1. Just checking, does the range 61-75 include any residue being in contact (Cβ under 8 Å) with a residue 24 or more places away in the chain, out of contact with any Ser or Thr (no Cβ under 8 Å at 6 or more places or on another chain) and not polar (S, T, N, Q)?
2. Can you tell me which residues in the range 98-112 are of a type in the set (S, T, N, Q) and either buried (at least 17 other Cβ atoms within 10 Å of the Cβ) or part of a helix (DSSP H, G or I) (or both)?
3. Report, by residue number, each residue of the range 113-160 that is part of a loop (DSSP other than H, G, I, E, B) and under 26 Å from R25 (Cβ atoms).
4. Scanning for something in a strand (DSSP E or B), buried (at least 16 other Cβ atoms within 10 Å of the Cβ) and on the phi < 0 side of the Ramachandran plot, does the range 82-97 turn up at least one residue?
5. Under the condition of being loosely packed, with under 12 Cβ neighbours inside 10 Å and at positive phi, which residue from the range 155-209 is modelled with the highest pLDDT?
6. With the structure loaded, tell me whether L67 is surrounded by fewer than 16 Cβ atoms within 10 Å (Cβ to Cβ), not in a helix (DSSP H, G or I), not small (G, A, S) and not assigned by TED's automatic domain parsing to the domain that holds E14 or whether it fails that test.
7. Considering only residues that are farther than 11 Å from G105 by Cβ and either assigned to a strand (DSSP E or B) or among the hydrophobic types (A, V, I, L, M, F, W, C) (or both), which ones fall in the range 19-29?
Amino acid sequence: MVVNVGSPVDGVLERVTVDRGDPVRRGQVVATLQSGVETAAVKLSEARVEFGRRKVERNETLFTKQLISAQERDEMVTEARLHEEELKRNQEILKQRTIVSPLDGVVVERRLAPGEFIRTDKSVVLRLAQINPLYVEVVAPASLFGSVKVGMPGKVSLAPFFPGNYKAKIVAVDKVIDAASGTLGVRLELLNPGNRIPAGIKCSVVFGK
């Protein structure tokens, strides 16, 4: 599986923490956008929240002694809650300036460098590939339609790249046969712990073994 990773917001790329060939983990920060304004907004909201909480605490005693009305207390509590919600919103806006990996895999290509402008609808910062598990794409004779089914095991040979055979499992079988070539597509899933096997190499498959 290959994905193009971009940004949910427009902005200037501040740094990219990975490069071509580097392994990445799901949720790992791979790039950040400049976020001075957004960081300042979060700090301002935090200050307002702290002030609102102190204000409510100070006036709680006054309300208990009936020195302020219930309406005045309610206004202070509501104002404090509004500041808390504003803080949450600004934190989410700041979070959008950080780009994280959506999968466990490797960096296939790095397309942008710090200082470049990112557009949400056009810019791709990185191309990432998940290679555990690997997908084994097979072009099989149409005569196998009906005899190969999802869940059936297969034995994959990667010779001459790797010796021996590897166990895989069918996860998809095309329902449409290519009339011109008389073939159908079959996909198997092959576990690849440690990303030891590279993607893109040729192989052969024996079904039902």
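The values are calculated or read from the model by the stated rules, or taken from the named source; none is laboratory data. Note that the structure is predicted; figures quoted are calculated from it, not measured. Here Cβ is always computed from backbone atoms with ideal geometry, including for glycine, and neighbour counts include all displayed protein chains.
1. At the first step, the residues of the range 61-75 found to be in contact (Cβ under 8 Å) with a residue 24 or more places away in the chain are none.
Checked the range 61-75: no residue is in contact (Cβ under 8 Å) with a residue 24 or more places away in the chain, out of contact with any Ser or Thr (no Cβ under 8 Å at 6 or more places or on another chain) and not polar (S, T, N, Q).
2. Initial filter on the range 98-112 (of a type in the set (S, T, N, Q)): 98, 101.
Within the range 98-112, S101 is the sole residue that qualifies.
3. Restricting attention to the range 113-160, the residues satisfying the condition of being part of a loop (DSSP other than H, G, I, E, B) are 113-116, 119-125, 130-133, 146-147, 149-152, 158-160.
Across the range 113-160, the qualifying residues are A113, P114, E116, T120, S123, V124, V125, Q130, I131, N132, P133, L158.
4. If we filter the range 82-97 for residues that are in a strand (DSSP E or B), which is where we start, we get none.
Scanning the range 82-97 turns up no residue that is in a strand (DSSP E or B), buried (at least 16 other Cβ atoms within 10 Å of the Cβ) and on the phi < 0 side of the Ramachandran plot.
5. For the range 155-209, the residue satisfying everything is G182.
6. On the way: surrounded by fewer than 16 Cβ atoms within 10 Å (Cβ to Cβ): yes; not in a helix (DSSP H, G or I): yes; not small (G, A, S): yes; not assigned by TED's automatic domain parsing to the domain that holds E14: yes.
Considered against the rule, which asks whether it is surrounded by fewer than 16 Cβ atoms within 10 Å (Cβ to Cβ), not in a helix (DSSP H, G or I), not small (G, A, S) and not assigned by TED's automatic domain parsing to the domain that holds E14, L67 comes out as yes.
7. Kept after step one, since they are farther than 11 Å from G105 by Cβ, are these residues of the range 19-29: 19-21, 27, 29.
V29, the sole residue that qualifies.
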